[in-house]
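Engineer: Sharing a structure, written as structure tokens. Questions coming.
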Amino acid sequence: MTDILAAFAWVFDPTNWAGPGGIPVRLGEHVWYSLLTLILAAVIALPIGFAIGHTGRFRGLAVGISGALRAIPTLGLVVYLALITLNLSIIPPLIALTILAIPPVLAGAYSGLESVDRRTIDAARAMGMTELQILFKVELPLSLPLIIGGLRSAALQVVATWTVAAILPVGGLGRYLFDGLAVQKYDEMLGGSILVIALALVTDGVFAIVQRLVVPRGVAAGKVQDVRTKDPWRPLGPSVPNHPLGTSL
């Protein structure tokens, strides 16, 4: 308990909020690294996921590759890339964490498009829509919640894993953990951990709000209407509507 109180005291110490290594600077670095990683993963994974979800081809291959990428130890890949490239900048962890973020983004993209009712797509084709029009005007709007869900999962993984990437001389909130460990300042280590947890919770909350907002109005209204039209007092047995007593038999 004393260590936790010391960690919170470290977080709220004004001296830790100033200077080039202050909390605002490290927080900004962490957010920038995470955002850049997520953008790169989205640029790579979303077009592939859309193509797979729209055409239905190569789904098995995508699932296999995603599973293989998930199995790669991220920290080991970061160190390996740093050693073979002799590069101690953000490039090795950026590559490694982009690889980590691709599977959930890819899964969210193709599963989102696959969740769209085939009858809706057939109706769009019958109206004369082209394949691109179907993709951008029908499939993407209906699948946005699942796509955002994939980005949400990837963002949480990236925010958490950029912390351990500070084993290299890069910035971010993970700097507090490794610098604190080097000089045995455990309040700094716990304080950095608290900041990472807070950032992850805020990130999850933001994506949860966005995921809720992108639900199409017609879909949301349909769900509400379905719930309201259900009669919890409807008899379970077969009924005779024109029976003079109006009861179930």
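Taken together, the values in this text are just the output of simple stated rules run on the coordinates, not laboratory data. These figures come from a predicted structure and were not determined experimentally. Here Cβ is always computed from backbone atoms with ideal geometry, including for glycine, and neighbour counts include all displayed protein chains.
Engineer: What is the gain in length, in nm to one decimal, between residue 130 and residue 88 on full extension, counting 0.36 nm per residue of separation less the C-alpha to C-alpha distance? Don't jump to the answer; show the numbers that get you there.
Structural biologist: On the way: separation 42, 0.36 × 42 = 15.12 nm, distance 4.81 nm.
Roughly 10.3 nm would be gained on extension.
Engineer: So, one more: Measure nothing fancy, just the Cα-based angle from helix 217-229's long axis to the longest principal axis of the chain, in degrees from 0 to 90, nearest 10.
Structural biologist: 60
Engineer: How would 3, 179 line up from fewest to most surrounding beta-carbon atoms within 10 angstrom?
Structural biologist: Numbers: 3 10, 179 15.
By the 10 Å Cβ count, ascending, the order reads 3, 179.
Engineer: I've got another one for you. Test of understanding: in a Gaussian network model of the chain with alpha carbons linked when under 10 Å, which of 172, 60, 150 would top the mean-square fluctuation ranking?
Structural biologist: Result for the chain, Cα springs under 10 Å: 60 fluctuates most.
Engineer: Within the stretch 98-138, what residues put their amide N at less than 17 Å from the label point 7 Å along the Cα-to-Cβ vector of residue 63?
Structural biologist: 103-116
Engineer: Restricting things to alpha carbons, tell me how big the stretch 1-72 is in terms of Rg and Dmax, in Å.
Structural biologist: Spelled out, the Cα radius of gyration and Dmax of the stretch 1-72 are 20.8, 58 Å.
Engineer: For the pair residue 210/residue 12, report the inter-label distance in nm, with labels modelled 7 Å from Cα in the Cβ direction.
Structural biologist: The modelled label-to-label distance comes out at 3.2 nm.
Engineer: Further question: Taking a spot 7 Å from the Cα of residue 71 along the direction of its beta carbon, which residues of the stretch 78-102 have an amide N less than 16 Å from it?
Structural biologist: Backbone N within reach: 100.
Engineer: Need one number: convex hull volume per residue for the stretch 24-142, Cα atoms only, in Å³.
Structural biologist: 118
Engineer: While we're on this one: Just to check, using Stokes-Einstein with a Kirkwood Rh over alpha carbon pairs, what's the diffusion coefficient of the chain at 25 °C and 0.890 mPa s in µm²/s? Provide the component values of the computation, followed by the final result.
Structural biologist: Values: Rh = 21.5 Å.
Answer from the Stokes-Einstein relation: 114 µm²/s.
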